1. Going by a ≥ b ≥ c, the root eigenvalues of the Cα gyration tensor, does region 71-149 fall in the rounded group (a/c under 1.5), the prolate group (a/b larger than b/c) or the oblate group?
2. Using Cα pairs closer than 8 Å and at least 6 residues apart in sequence, work out the relative contact order for the chain, in percent.
3. Just the Kirkwood number for the chain, please: inverse of mean 1/r across all distinct Cα pairs, in Å, one decimal.
4. Taking the chain as the reference, fit the longest principal axis to its C-alpha atoms, fit the long axis of helix 78-88 to the helix C-alpha atoms, and give the angle between the two in degrees, 0 to 90, nearest 10.
5. If r is the Cβ-Cβ distance from ASP175 to MET104 and R0 is 25 Å, what FRET efficiency results, to the nearest 0.05?
6. Quick one: which residues, 5 or more positions from SER100 or on another chain, have an amide H under 5 Å from its amide H? H modelled 1.01 Å from N in the peptide plane, none for Pro or chain starts.
7. With +1 on each Lys and Arg Cβ and -1 on each Asp and Glu Cβ, and nothing else charged, work out how big the dipole of region 64-189 is about its Cα centre, in Debye to the nearest 20.
8. So what's the gap between the Cα centers of region 80-95 and region 146-207, to the nearest angstrom?
Amino acid sequence: MKALLFINGKAPRVWPDLEGYALVACTDGAFRYLEALAFPLARLDFVSGDFDSLPEAERLGRVYDIEVIPTPDQDKTDFHKALEILFQRGVLQVDVYGASGGEMDHFLGNLTVAFAFREKLELRFFDEYSTYYFIPEEAELKGVYGRTISLYPFPVAHNVRTEGLRWRLNGETLDQTVRIGTRNIAEKETVSIGYSGGSLLVFVGEE
C-alpha cells in the first residue's frame, strides 16, 4: 500500500497526482500550507502531530471531517510519528513532500528519520530540485540521462561502484567526513549503482 505524506517544510509548487495513493496524510504544521494553498482537503485521511503549530485541532475534525491524531511524544518528531502511524496501517511505500526548504536542522532531522525507517518503508522525498531516497545495495536509476546525480553516504558506504555516470566510481568508500559523491552527471538513460555495506542516499536532479 502506498501513501502520500506532507510535512512542514516548503510547500510543493505543483500538487502531486493523488491517484494511486491509498492514504493521504499530513503533519499539523503542513496542514497550514495545504489549507492556504487550496489543497483538496477532503482527500486527507488524517492529520497528526503534537499540534504545537496548529492548536485548533478540534476545528479540523469539526469543519473538515478529517481524522485528527494527537501525537504528543516530544522524544520523536512529527514526521517520525506520522510514519509510525502509516506503518501500523499497512503502508509500505511513502512519497514525502515538504521535507526540505525550511530550517536546515529540520531537513537533517528528516533524513535521520528516513534512515531509521529505511528497512520498514520505501520512502521517496520530492522537492523542486530533486527526488531523493535511500537505495539498496544494488540499484538502477532509469530515465535519468543528463540529470545531476548525487551519492551521499549515511554515514558511510563501502565499495561503491557505478555505471553510466560521468565520474565513475570503482569500489571507493564514501564517508561523510572524508569523501562524498555529489554533483555527478548521468551520461546514460539508466545508471547502475552498487555498494557492499553501509547506507547510501541518492539525489536525482529534476529535468
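Derivation of every value follows stated rules applied to the coordinates shown; laboratory data play no part. Since the structure is predicted, the reported quantities are computational estimates derived from the model, not experimental observations. Note: ideal-geometry Cβ built from the backbone for every residue, glycine included; neighbour counts use all protein chains shown.
1. On the way: a/c = 2.31, a/b = 1.44, b/c = 1.60.
Verdict is oblate for region 71-149.
2. Details: 441 pairs, mean separation 38.7, N = 207.
So the answer I get is 19 percent.
3. Working: mean 1/r = 0.0557 Å⁻¹.
After inverting the pairwise mean of 1/r, the radius is 18.0 Å.
4. Compared with the principal axis, the helix lies near 90 degrees.
5. Working: r = 21 Å, r/R0 = 0.84.
Calculated value: 0.75.
6. Those qualifying (amide H under 5 Å, at least 5 residues apart or on another chain) are LYS10.
7. Values: 14 positive and 21 negative charges, 110 e Å.
Once rounded to the nearest 20, the dipole reads 520 debye.
8. After rounding, the separation between the Cα centres reads 27 Å.
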